[in-house]
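Below: the structure, in structure tokens.
The values are calculated or read from the model by the stated rules, or taken from the named source; none is laboratory data. From a predicted model like this one, the values you see are computed outputs, not experimental measurements. As a convention, Cβ positions derive from the backbone with ideal geometry for all residues, glycine included, and neighbour counts pool all protein chains shown. We work out accessible area using only protein heavy atoms, side chains counted, and drop any ligands, DNA or RNA first. Shrake-Rupley method; radii C 1.70, N 1.55, O 1.52, S 1.80 Å.
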Amino acid sequence: MNDDRFKIFSGTANPVLAESICQHLNVPLGKALLGRFSDGEIYFQILENVRGADVFVVQPCHAPVDCHLLELLLMIDAFKRASAWRITAVLPYYCYARQDRKDKPRVPISAKLVADLLETAGASRALTLDLHAPQIQGYFDVPVDHLYGSPVLVEHFRHLNLPNLTVVSPDAGGVERARFFAKKLDAPLAIVDKRRVDVDVSEVMNLIGDVRGRSTLIVDDIIDTAGTLVKTVDALFAAGAAAVYACASHAVLSGPAIDRITNSRLEQVVVTDTIPLREAAQKVPKIKVLTISGLLGAAIESIHMETSVSSLFN
């Protein structure tokens, strides 16, 4: 990628991932100054010419969510005012994705608002990975490239060669994701009937499928408090599972998540580096991180070169 008009910049959310993407593409990370005023307001300045450039801004919006989201909006605005030709917001983790519909009275559709904010700031297109709800793409009036972390995760478990494997969806909403894994790993599918009793509290109701004496793999997009995960683990062992593994694209790991995973009977939890692990999580042997920098780098290159990204779904 020897093109002076192709530039990648990073916010403070995950600069390691941005650097890794740049290494894959053999391009330098863009020069910018991102700091804070004494009262906490964000200060941003581009330190190189971006006029007419194809700019990619890498910024997953994890905790502190509002801080990282505002950083991204201000960066996009700066590139727009500096006459960048095209600005692609690269959000490996899209914030507020779990509030994607009005399922209760008097609640916002936050995922739609985030899309509106990105467009208003000046984003020409968006690149995301494993949206909590794929229909969020429809909230944008600009092109959206939605990648899946499954090729990276599937390859890991294919090499593990787990005996008598059954892929498990922890809820009805994740069946399509789990079915993809099951097809690629040539494994049967089981589904957990989950009922959510509060925002961060769920209760496992029933298990659909046979897991007795089998290795099982729980497939999800987000591990937040790990409440659903450990209850699913308990349900699988109660149904006679021999071993339980888990994987997810986004390791939010908030609240008691790390303790829950550490004290669970899980063999291994595999996640990607869309969100950098907290120091406490890095010390947990059960948690393994796979990088998706190569996948994102290939997508960024395809967008810049105006070629298809469909091959990256396999």
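Counting the residues of the range 223-260 that are under 21 Å from I191 (Cα atoms), among the aliphatic types (A, V, I, L, M) and within 19 Å of the chain's Cα centre (by Cα) gives 5. Summed over the range 222-234, residues that are touching a strand residue (DSSP E or B) at 6+ places or on another chain (Cβ under 8 Å) and crowded, with 23+ Cβ neighbours inside 10 Å total 5. Checked against the criterion of being touching a residue at least 24 places away in the same chain (Cβ under 8 Å), surrounded by 13 or more Cβ atoms within 10 Å (Cβ to Cβ), part of a loop (DSSP other than H, G, I, E, B) and not hydrophobic (A, V, I, L, M, F, W, C), the range 85-93 contains one or more residues that satisfy it. The criterion of being touching a residue at least 40 places away in the same chain (Cβ under 8 Å), outside any strand (DSSP E or B) and more than 19 Å from the chain's Cα centre (by Cα) does not hold for A178.
Checking each residue in the range 244-254 for being among the small types (G, A, S) and either open to solvent by less than 10 Å² (accessible area, probe 1.4 Å) or over 16 Å from P276 (Cα atoms) (or both) picks out A246, A248, S249, A251. Scanning the range 132-145 for residues that are at pLDDT 95 or above and open to solvent by 10 Å² or more (accessible area, probe 1.4 Å) turns up Q137, G138, Y139, F140, D141, V142, P143, V144, D145.
When the residues of the range 303-314 are filtered to those that are touching a residue at least 40 places away in the same chain (Cβ under 8 Å) and in a helix (DSSP H, G or I), the one that is least open to solvent (accessible area, probe 1.4 Å) is I303. Counting only strands (runs of 3 or more DSSP E) wholly contained in the range 1-72, no element carries 3 or more residues that are farther than 29 Å from A97 by Cα. Just so you know, in the range 263-278 the residues that are of a type outside the set (D, E, K, R) and within 20 Å of C61 (Cβ to Cβ) include one that is most open to solvent (accessible area, probe 1.4 Å), and it is P276. Taken residue by residue, the range 100-108 has no member that is open to solvent by less than 30 Å² (accessible area, probe 1.4 Å) and not charged (D, E, K, R).
Restricting the range 187-201 to residues that are farther than 12 Å from V175 by Cβ and surrounded by fewer than 20 Cβ atoms within 10 Å (Cβ to Cβ), the residue that is modelled with the highest pLDDT is P188.
Restricting the first member to the range 1-27 and to residues that are without any contact (Cβ under 8 Å) to a residue 60 or more places away in the chain and open to solvent by 60 Å² or more (accessible area, probe 1.4 Å), and the second to residues that are part of a helix (DSSP H, G or I) and not charged (D, E, K, R), the beta-carbon pairs closer than 8 Å and six or more apart or on different chains are T12/H68.
Which condition number does A281 fail, the rest of (1) open to solvent by 10 Å² or more (accessible area, probe 1.4 Å); (2) more than 22 Å from V154 (Cβ to Cβ) being met? All conditions are met except number (1). Within the range 163-180, restricting attention to residues that are open to solvent by 30 Å² or more (accessible area, probe 1.4 Å) and among the hydrophobic types (A, V, I, L, M, F, W, C), the residue that is nearest to V90 (Cα to Cα) is F180. For the range 28-59, the set of residues classified as loosely packed, with under 11 Cβ neighbours inside 10 Å and touching a Gly at 6+ places or on another chain (Cβ under 7 Å) consists of Y43 only.
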